[in-house]
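Just dropping this structure here.
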Protein chains: 2
Amino acid sequence: MNALTTAPRRPLPQTFIDALAAGFGARFSTAEAVRAHHGHDESHFPDALPDAVVFPHTTEEVAVIVALCREHGVALIPYGVGSSLEGHILAVRGGISVDFSEMNKVLAVHAEDMDAVVQPGVTRKQLNAELHGSGLFFPIDPGADASLGGMAATRASGTNAVRYGTMRENVLGMTAVLADGRVIRTGGRARKSSSGYDLTRLLVGSEGTLGLITELTVRLHPLPEAVSAAICTFPDVDAAVRTVIQTIQLGVPVARIELLDSLTVTAINRYSKTTLREAPMLFFEFHGSPAGVEEQAATVQELARDNGGEDFEWATRPEDRSRLWQARHDTYFACLNLKPGCRGITTDVCVPISRLAEAIAGTRADIAASGLTAPIVGHVGDGNFHTLILVDPEDAAEIERAEALNRRIVERALALDGTCTGEHGIGFGKQDFLLAEHGEAAVDAMRLVKQALDPHNLLNPGKVIPGL
Amino acid sequence: MNALTTAPRRPLPQTFIDALAAGFGARFSTAEAVRAHHGHDESHFPDALPDAVVFPHTTEEVAVIVALCREHGVALIPYGVGSSLEGHILAVRGGISVDFSEMNKVLAVHAEDMDAVVQPGVTRKQLNAELHGSGLFFPIDPGADASLGGMAATRASGTNAVRYGTMRENVLGMTAVLADGRVIRTGGRARKSSSGYDLTRLLVGSEGTLGLITELTVRLHPLPEAVSAAICTFPDVDAAVRTVIQTIQLGVPVARIELLDSLTVTAINRYSKTTLREAPMLFFEFHGSPAGVEEQAATVQELARDNGGEDFEWATRPEDRSRLWQARHDTYFACLNLKPGCRGITTDVCVPISRLAEAIAGTRADIAASGLTAPIVGHVGDGNFHTLILVDPEDAAEIERAEALNRRIVERALALDGTCTGEHGIGFGKQDFLLAEHGEAAVDAMRLVKQALDPHNLLNPGKVIPGL
């Protein structure tokens, strides 16, 4: 555990509290319950409560908050819905949580240009609900109904990324408040631009350490004319992974391709009362014209069969698809349910697709050797997979073994030219891996950028950059 | 004309010259002819010769050059093939040109992962030639046979971007030498990552001002099973643009969709000895499975017909397609040929697709009012179009009128939520537009990043950031 979590804190200056209370009234709170709600996420890290929480409504209000924090040397931690898996929202150095849940308006939908302008507290499901009837949708789906601001900040992706890209590709521009209190607008609504440094992509994935996102322009996509989904079981994980690799290499524009190992299927059956065959399984989804979808599906079914795939089951009716994907989305909680009272330590490596079989086989061997319970699921079309290591939060030795397992999985992924995090971010726990992955010179370059834009280290300190 | 071009220069220190001559032998030159070759690009800006030129072979050699330049306070200007349209490679503050043409090896092709690792001097045609037989290709095609390092530096795109993205989406990682002489590796070969700040995207489009790119990992794509191309003429530009907008909004995954106005078609006929009908014209290319391509083509043909499109002509044989696209690629020189001895001032705005008709109609009116000759072509699937304003390089008044026309076109694009440059970059001439587009606060943020990474302003000074 990082000693920073228990470092003594300077209490918030009374003049600072008074100023925020005067400006925000009931939208500013130092109440224990409110702080507690903002002091934990879905990671296994211990709670770290902010000293206060504020709920801004506008970019201008965020700028006021930043100016006050700057004046008083108080740290700011942006908060979306708290679904982070890497401790992003923990107030490890104290400071105030800036909760964006009341900045939750869809400001504009430009159907003709296939983009939407949203406030950062809008969640992905909310946006898709508001897009109903427009013929468009926002595809990025990390499972949780995360806020779009949080998803941008962590460069989130999820099940659809193999076809539609990640937040990196789907954020066109944003409004952000920098550490100096100034408001910048980055990017724009044009589909491409060579106009200056890519500040949009610099902020996407910066985890709240370079600026507070107060508005986003996101890319929308036409709802596919036809959608079909399928599941298929395999004799072993290798056979499933081979099918994935061949699908990608053939250039089949599959929309989703998810791997579940047999332990995960067992967990789903128990949690969601399904009767899936308890074997390694692939979930597929195909988007396109009716003919295109049929063509994709036929190709993939043939590949699956060649690799020993069985029980290819189709779901073309929306309700059947929803049930299938709901089960997939419930995986996280279904797996936690395997060991009541446990917490999950989620690994998140991503490797080039040619190394995926090797990465997963090695991971399975590591899990077996560790004696831990750790189901595997993955957005394998991208080479990204997770293990959810189930640990007793009171058992320090077990947590240590879990962390050692995570480290082995990451080290293997890096040796295979992969990354320590495909979609969850560095947050509080992975700074050492950041260094191992990119090397000292590149991390120093990141540090220079951070220090240039946030010289007093007020924006989400203790995250991303080692030593800051 | 920017006064900087004629600012007095400090001659290169003799110790610096001696050190480079000793280290690089014949690969270092201060000869007038070599300097002259590196002192102009395809822009209309006056020549600005570097004080010397060096031809490195390795990342380590580039690091040595940077260290020497740092020691002696000498500026560095990276040079690819000199096809820049915005003066990127002009030595407006003196310094040495670092010519990457001898760093031209394809270092690795990972066919299974659909990526390639290349040195920055590899050109796009060279890469595609080396990919022959692999079933893969590199789609980004800005027309010129540019170097991949130069394309990354300017965030280039071109005709295929509507389907395959720009260099922003197709550079997965790079090796670069920073101003402090340190070598960084950014990104990686995994398809996605949330690991730290996106230094790859920060360098893509930084125009040599943040680091010298010495290696790139680029994304490859499966060669489409079927390709077909078509041209279609329209009664007027508006009808052609309407067809484009409807095609994009229907989500047809068209690979290329290019607009040529009738003056451009005339220029092509004269230059390439073709007999195309001299009317506004769209060039289409469709990639996919045989059935998919047919489906796309049928949809687009129907849209074109509804908008008054005539003479829909198909080219499915590779040689016919090549002839068609060669004619399209020759547009730049064909248009210059309309007015022998002229130079071209190329505009490069990009707007949201819903505003494209308005942007082009306004541009046409501006051209008519200006009395200048300025054919229009565009990668209109992205909302990006160019006018090539033909000017007598000796006629200062005409150049001034052309610049005023460019300014009007940019101002309209910005008013329509667009960008001043879709793909050519800011370079030497568009710093004022950068400011108009992004605002002072955002440009200040860019300046802070630049100053953090290059405190002595040695990397391509006088480009991108106003006042540096």
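Quick one: compute the contact order of the stretch A:3-101, relative version, from alpha carbon pairs under 8 angstrom and 6+ residues apart, as a percent.
For the stretch A:3-101, the relative contact order is 35 percent.
What average number of partner chain Cβ atoms lie no more than 10 Å from the Cβ of the residues making up A:438-451?
Mean shielding count: 6.
Out of the DSSP beta bridges found with both residues in chain B, what percent are antiparallel (nearest 5)?
In chain B, DSSP labels about 85 percent of beta bridges as antiparallel.
Determine, for B:167, A:446, the number of other Cβ atoms within 10 Å of each Cβ, and report the residues in order from fewest to most.
A:446, B:167
Still on this structure: Just going by the charge dipole of the protein assembly as shown, with Lys and Arg at +1 and Asp and Glu at -1 on Cβ, which of A:229, B:370, B:175 is farthest out on the positive end?
Going by the charge dipole, the pick is B:175.
Which far-off residues, 5 or more places away or on another chain, put their amide H under 5 Å from the one on residue A:180, with H placed in the peptide plane?
Here the answer is none, since no amide H 5 or more places off falls under 5 Å of that of residue A:180.
If packing is taken as the average number of other Cβ atoms within 10 Å across a peptide's residues, how do A:218-224, B:254-260 rank, most packed first?
Result, highest mean first: B:254-260, A:218-224.
Next up: With θ set to phi - 60°, apply the Karplus curve 6.51 cos²θ - 1.76 cosθ + 1.60 along the stretch B:445-451 and write out the HN-Hα couplings as whole Hz, x wherever there is a Gly or Pro.
4, 4, 5, 4, 5, 4, 5
Let me ask you something else. Just list whichever of A:192/A:430; B:273/B:339; A:105/B:192; A:273/A:430; A:430/A:450; B:339/B:430 have alpha carbons separated by over 27 Å in the model shown.
Violating the 27 Å Cα-Cα cut-off are A:192/A:430; A:105/B:192; A:273/A:430.
Can you compute the charge dipole magnitude of the protein assembly as shown about its Cα centre, using +1 on each Lys and Arg Cβ and -1 on each Asp and Glu Cβ, nothing else charged? Give it in debye, rounded to the nearest 20.
880
Follow-up question, since we're still on this one. With angles folded into 0 to 90 degrees, how steeply does helix B:356-370 sit against the dominant principal axis of chain B? Use alpha carbons for both and round to 10.
80
Name the long-range amide H neighbours of residue B:220: under 5 Å, sequence gap of 5 or more, or other chain; modelled H, no Pro or chain starts.
Residues meeting the criterion, in which the H sits 1.01 Å from N, are B:115, B:116.
When you have a sec, figure out the Kirkwood radius of the stretch A:226-332 from all distinct Cα pair distances and drop it here in Å to one decimal?
With all distinct Cα pairs of the stretch A:226-332 included, I get 13.7 Å.
So what is the relative contact order for the stretch A:226-332, in percent, with contacts set as C-alpha pairs under 8 Å and at least six apart?
Value for the stretch A:226-332: 45 percent.
Let me ask something else. Of all DSSP beta bridges located in the stretch B:3-101, what percent are antiparallel, nearest 5?
20
Under the rule of at least 5 residues apart or a separate chain, name every residue whose amide H is placed under 5 Å from the amide H of residue A:373.
Residues meeting the criterion, in which the H sits 1.01 Å from N, are A:390.
So, in Å, what gap is there between the alpha-carbon centers of the stretch B:307-356 and the stretch A:56-117?
Measuring centre to centre over Cα atoms gives 45 Å.
Between the stretch A:157-208 and the stretch B:223-269, how far is it from one alpha carbon centroid to the other, in angstrom?
30
Here's another thing I want to ask about it. Please report, for residue B:318, the nm distances (one decimal) from its label point, 7 Å out from Cα along the beta-carbon direction, to the equivalent points in the remaining copies, shortest first.
Taking the point 7 Å beyond Cα along Cα→Cβ, the inter-copy spacings are 4.5 nm.
Using only helices, what value at 222 nm comes out for chain B when you add -39,500 (n - 2.57) per DSSP H run of length 4 or more and divide by the total residues, to the nearest 500 deg cm²/dmol?
Result for chain B, helices only: -11500 deg cm²/dmol.
Just to be sure I understand: of the beta bridges DSSP finds with both ends in the protein assembly as shown, what percent are antiparallel, rounded to 5?
85
Every number in this text was worked out from the coordinates using simple rules, so none of it is lab data. The shown structure was predicted, so the numbers you read here are calculated from the model rather than taken from an experiment. Counting neighbours? That spans all protein chains shown, and the Cβs are built from the backbone with ideal geometry, glycine included.
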